[in-house]
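Written out below as structure tokens is the structure these notes cover.
The values are calculated or read from the model by the stated rules, or taken from the named source; none is laboratory data. Here the structure is a predicted model, which means the values were calculated and not measured. All Cβ positions, even for glycine, are placed from backbone atoms using ideal geometry, and neighbour counts span all protein chains on display. These area figures cover heavy atoms from the full protein model, side chains too; ligands, DNA and RNA do not enter into them. Shrake-Rupley method; radii C 1.70, N 1.55, O 1.52, S 1.80 Å.
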Amino acid sequence: MLTTLLIPYIFSSFPSILFNFLRGEVGKWIAIIAVVLRLFFPQHFPDWLEMPGSLILLLVVAPNFFAHTLRDDLVGVAICLAIGCYLLQEHIRASGGFRNSFTKSRGISNTVGIILLLVYPIWALVDAVHCALAWCSQLHIRGK
């Protein structure tokens, strides 16, 4: 299922305040409750909680290298961009073409939603290039 790709996307693009909050004690409690419910009471664990439960587990148990280094770098942005492009390409292919992706039932909302997934990584890349250019121009001015 392609929607499972949203877990690493959300992991890489989650706001830092919420990320650190859920990575702490609150997230550990939520994760242990999710694991206990899933293991011992599977009939009480609804299917729609599978992906949020996976996200909480990923937030809590991810090593610091992934949680802070890659996530806060251009690597995290590249992961988000790759996932967004892949989901858009698969959606267009499943719809039978770009034009059909807007005309089928629920097509326009799904297409617009997937295109919005591309907004964050493109914005972050533009911001990174802008910051790099500003940094280079400051070095150039200091060098004179």
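Every test in (1) among the hydrophobic types (A, V, I, L, M, F, W, C); (2) under 21 Å from Pro121 (Cβ atoms); (3) open to solvent by 50 Å² or more (accessible area, probe 1.4 Å) is passed by Val77 save one, and that test is (3). Taking the conditions (1) touching a helix residue (DSSP H, G or I) at 6+ places or on another chain (Cβ under 7 Å); (2) open to solvent by 70 Å² or more (accessible area, probe 1.4 Å) in turn, Leu117 satisfies each one other than (2).
I'd like to check something: does the stretch 60-67 contain any residue that is touching a helix residue (DSSP H, G or I) at 6+ places or on another chain (Cβ under 6 Å) and in a helix (DSSP H, G or I)? Taking every residue of the stretch 60-67 in turn, at least one turns out to be touching a helix residue (DSSP H, G or I) at 6+ places or on another chain (Cβ under 6 Å) and in a helix (DSSP H, G or I). Taken together, the residues in the stretch 85-114 that are open to solvent by less than 90 Å² (accessible area, probe 1.4 Å), out of contact with any Phe, Trp or Tyr (no Cβ under 7 Å at 6 or more places or on another chain) and part of a helix (DSSP H, G or I) amount to 17. Residues of the stretch 9-18 include at least one that is in a helix (DSSP H, G or I), exposed (fewer than 15 other Cβ atoms within 10 Å of the Cβ) and at pLDDT 90 or above.
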